[in-house]
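Contents: one structure, followed by commentary.
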Amino acid sequence: MLKHYRGGPVKHPNAEPTMDTWTPDEVDAHLAYMDDFADRLRASGEFVSGTALAPTGTFVRHDGEGRPPVTDGPFAETKDLVAGWMVVDVESWERALELAGELSAAPGPGGKPLHEWLELRPFLESDAPVTE
């Protein structure tokens, strides 16, 4: 499950501004929700890993032997998109969808559910269904 800074394919009408505009208490409430969610999945054996990412970073690519790596090019600014991820090991695609829907309701400003888009993707080597 990938969490994104800038929403998803369609912005939900109740979507709130990005976390960098929230109050410290609103950020704390959101992070507590995330921690509680992860703890519940640890207890059920479904949690594998998860982390939040800093909003800063850079792209790097090899530019040939003996040359310094190239940083920040004409690429999509993923650092502006991916806020973090959570890896779960569940029995079915339906369970993964259920958990992603629940995580989408994490609180934001004023304690209201964010209705944020999460990108749900199986690992390539898994037998999870392919969706279009």
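Odds and ends about this structure:
- Couplings 3J(HN,Hα) of the stretch 23-37, computed from phi: 6, x, 5, 5, 5, 4, 5, 5, 5, 5, 4, 4, 4, 5, 4 Hz, in residue order, whole Hz [Karplus 6.51 cos²θ - 1.76 cosθ + 1.60, θ = phi - 60°; x for Gly and Pro].
- Rounded to the nearest 10 Å², the accessible area of H62 at probe 1.4 Å: 130 Å²
- Summarising the amide proton neighbourhood of V48: residues at separation of 5 or more, or on other chains, whose placed amide H is nearer than 5 Å comprise V87, V88, D89.
- Projected label points at A54 and D36, each 7 Å from Cα along the beta carbon direction, are separated by 2.9 nanometres.
- With all protein chains in place and ligands, DNA and RNA left out, the 1.4 Å accessible area ranks F123, F47, F59 as F123, F59, F47, largest first.
The values are calculated or read from the model by the stated rules, or taken from the named source; none is laboratory data. If you're wondering where the values come from, they're calculated on a predicted model, not measured in any experiment. Quick reminder, even Gly has a Cβ in these numbers, built from the backbone with ideal geometry, and neighbours come from all protein chains shown. Each accessible area value is taken on the protein alone, full model and side chains, heavy atoms only, with ligands, DNA and RNA left out. Shrake-Rupley method; radii C 1.70, N 1.55, O 1.52, S 1.80 Å.
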